[in-house]
1. Order these peptides, 12-24, 86-98, 41-53, by their mean beta-carbon neighbour count within 10 angstrom, highest first.
2. Can you pull the one-decimal nm distance between simple spin-label points at residue 48 and residue 21, each 7 Å off the Cα toward Cβ?
3. Can you figure out the FRET efficiency of residue 40 with residue 100, using R₀ = 25 Å and their beta-carbon distance, to the nearest 0.05?
4. Excluding ligands and nucleic acids, what accessible area in Å² is computed for residue 26 using a 1.4 Å probe, to the nearest 10?
5. So if R0 is 22 Å, what FRET efficiency would residue 7 and residue 83 give, r being the distance between their Cβ atoms, rounded to the nearest 0.05?
Amino acid sequence: MIESLREQIEAISFVRSAQVKDNQLYVDVVSAAEYQLRLKFPENFPLALPDVFLRNHQEYGFFPHVAWSGQLCYSDGQSLSINIEDPFGVIQRVVELAIEVLDDNETGGDPFWNEFEGYWAHQNDKRARIAMVEPTERFKELNVR
């Protein structure tokens, strides 16, 4: 199934190339910037969405909604509806959502401070702390557990 999805994904205008390796889909896309993505499929796909990783994420610096492992948070799952009879449509939408998340960083649309708490919450060896920072004129409390 993944090989046929690769062939369909390669036909999308913003996809430069796609390849399958170790049951994962590697997709190079072009939007506000060039991104290299890795899609890791759960066993029950298309009943569940794939995990999307930004390959070589260290080269991009810090992106909002990208964890230290390179995994993108492209959907919060709220109001999520998946058409399990259209796996290609699912993958196309997943790639589009991933690009939207990454493009927001390139265009300045989603400030890093909005994701700071979530980013630190997923760090290894973290300790619970409360910090007061002033990223703008207003103070914000960030509570990381």
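The values are calculated or read from the model by the stated rules, or taken from the named source; none is laboratory data. Everything numeric in this text was worked out from a predicted model, so none of it was measured. Every residue, glycine among them, receives a Cβ derived from its backbone with ideal geometry; neighbour counts consider all protein chains shown. Just the protein is used for accessible areas: all its heavy atoms, side chains included, with ligands, DNA and RNA removed. Shrake-Rupley method; radii C 1.70, N 1.55, O 1.52, S 1.80 Å.
1. So the order, starting with the most tightly packed, is 86-98, 41-53, 12-24.
2. In this crude label model, residue 48 to residue 21 measures out at 2.5 nm.
3. The pair residue 40/residue 100 has a calculated efficiency of 0.80.
4. It works out to around 40 Å².
5. Rounded to the nearest 0.05, the efficiency is 0.70.
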